[in-house]
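Colleague: Mind having a look at this structure? Questions to follow.
The values are calculated or read from the model by the stated rules, or taken from the named source; none is laboratory data. Quick caveat: nothing in here was measured; it's all calculated off a predicted structure. Here the Cβ is made from the backbone with ideal geometry for all residues, glycine too, and neighbour counts use every protein chain on show.
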Amino acid sequence: MSVKILSYCLTFILFLSAFTVGSAQIQVKVITKTIERSFDYQAGDALLIRGEKSSIAVNTWEKNAVKVTLKLIAKAVLSEVARKELEYQKYTMNKRKNIINLANQLEFPNNVKELQAILLVEYEIWVPASIQLTINNEYGNIDISGIYGKHIVTNKFGNITLNHVGGTGKIESYFGDFTSKNFSGNHTLDFNKTKTTIDHLSGILSINSRLGDITISNVQRQAALNIEADKSDINLEVLANWDEFQIKLKSNFGKIKVPHHLTGKMDQKNNVSSWRYLGNGKSRINAETSFGVISLSVK
């Protein structure tokens, strides 16, 4: 493991936004402490990240190493305050056996009732694509690109963005947005108050969503999709070869909208609407919601 701790960046930067008091502008000072570390990687190694008020970006490369750049940031009107309260941010970086541990947490003296500075944390991490990844984060965004190993991601009060992610994964989100492009593999999503947008789905996907609209476009014929939603609208777009799909849609106390030219069976009974089409292929789409509209379109 190589360790490189960079010195404090004590240059004061004018914050992009400024507070206005009357006609005067108050400049906000920014102090950043940057830590860089690298860990050797062997097949089977895992990365565990526990973040608090953290922005976490995970990218892939071809090296047999994990590189971490951690930035601890404090913003305050007075540089002395920013410098002092920056020290309240603690972090952990180590490797024990085959697990690389990264964590940050806020620790301040008992006599401090409230913070005067805005404290932020940024992770930039480079990993082999096959790494086993676990992330637990609160009050920050997570961006992941290129991984195909096993992964578990949990985020509260922040967004999750995936790009070219495969493998096997479980993702949980509370109060945020979930966005994914080129989604493959086998995934389970458990969302609450989360808006979901997926473009180009080619894997096996199960979604359980409450109070969050779902839009999935470019559903490939090799995909298998199951959605159980509550108080959520669902928008689905399949490719022109829709006859290779077996599709079942159901909305309780809601509506179903499909193009008029699509054959299929629409049923309306009491407060339940359903539509199904059994094509020739093995690709499956099952979607059910309550108090929401399900819309199906063909690209």
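Colleague: Does residue 73 satisfy being in contact with a helix residue (DSSP H, G or I) (Cβ under 9 Å, 6 or more places away or on another chain), at pLDDT 95 or above and either at positive phi or β-branched (Val, Ile, Thr) (or both)?
Modeller: Answer is yes for this residue.
Colleague: Could you say which residue among 110, 101 is free of Cβ contacts under 8 Å to residues at least 60 places away in the same chain, within 15 Å of residue 135 (Cβ to Cβ) and of a type in the set (S, T, N, Q)?
Modeller: 101 is the lone residue from the list that is free of Cβ contacts under 8 Å to residues at least 60 places away in the same chain, within 15 Å of residue 135 (Cβ to Cβ) and of a type in the set (S, T, N, Q).
Colleague: Moving to a separate point now. Taking only pairs six or more apart or across chains, which ones have beta-carbon atoms under 9 Å, a first residue in region 117-145 that is without any contact (Cβ under 8 Å) to a residue 24 or more places away in the chain, and a second residue that is surrounded by fewer than 21 Cβ atoms within 10 Å (Cβ to Cβ)?
Modeller: Here the result reads none, with nothing in region 117-145 linked to a residue that is surrounded by fewer than 21 Cβ atoms within 10 Å (Cβ to Cβ).
Colleague: With respect to residue 208, is the statement that it is touching a strand residue (DSSP E or B) at 6+ places or on another chain (Cβ under 9 Å), of a type in the set (S, T, N, Q) and closer than 20 Å to residue 69 by Cα true?
Modeller: For residue 208, the condition - touching a strand residue (DSSP E or B) at 6+ places or on another chain (Cβ under 9 Å), of a type in the set (S, T, N, Q) and closer than 20 Å to residue 69 by Cα - is not met.
Colleague: Still on this model: Go through (1) among the aliphatic types (A, V, I, L, M); (2) part of a strand (DSSP E or B); (3) crowded, with 18+ Cβ neighbours inside 10 Å for residue 147 and report which single condition fails.
Modeller: (2)
Colleague: Mind listing just one residue for me: the one in region 219-243 that is of a type in the set (D, E, K, R) and within 15 Å of residue 201 (Cα to Cα) and, of those, farthest from the chain's Cα centre (by Cα)?
Modeller: 221
Colleague: Working carefully through the options 64, 59, 104, 94, find the one that is loosely packed, with under 12 Cβ neighbours inside 10 Å, within 26 Å of the chain's Cα centre (by Cα) and under 30 Å from residue 149 (Cα atoms).
Modeller: 64
Colleague: For residue 1, are the conditions met, namely being at pLDDT below 95, in contact with a strand residue (DSSP E or B) (Cβ under 7 Å, 6 or more places away or on another chain) and either closer than 19 Å to residue 123 by Cα or not hydroxyl-bearing (Ser, Thr, Tyr) (or both)?
Modeller: For residue 1, the condition - at pLDDT below 95, in contact with a strand residue (DSSP E or B) (Cβ under 7 Å, 6 or more places away or on another chain) and either closer than 19 Å to residue 123 by Cα or not hydroxyl-bearing (Ser, Thr, Tyr) (or both) - is met.
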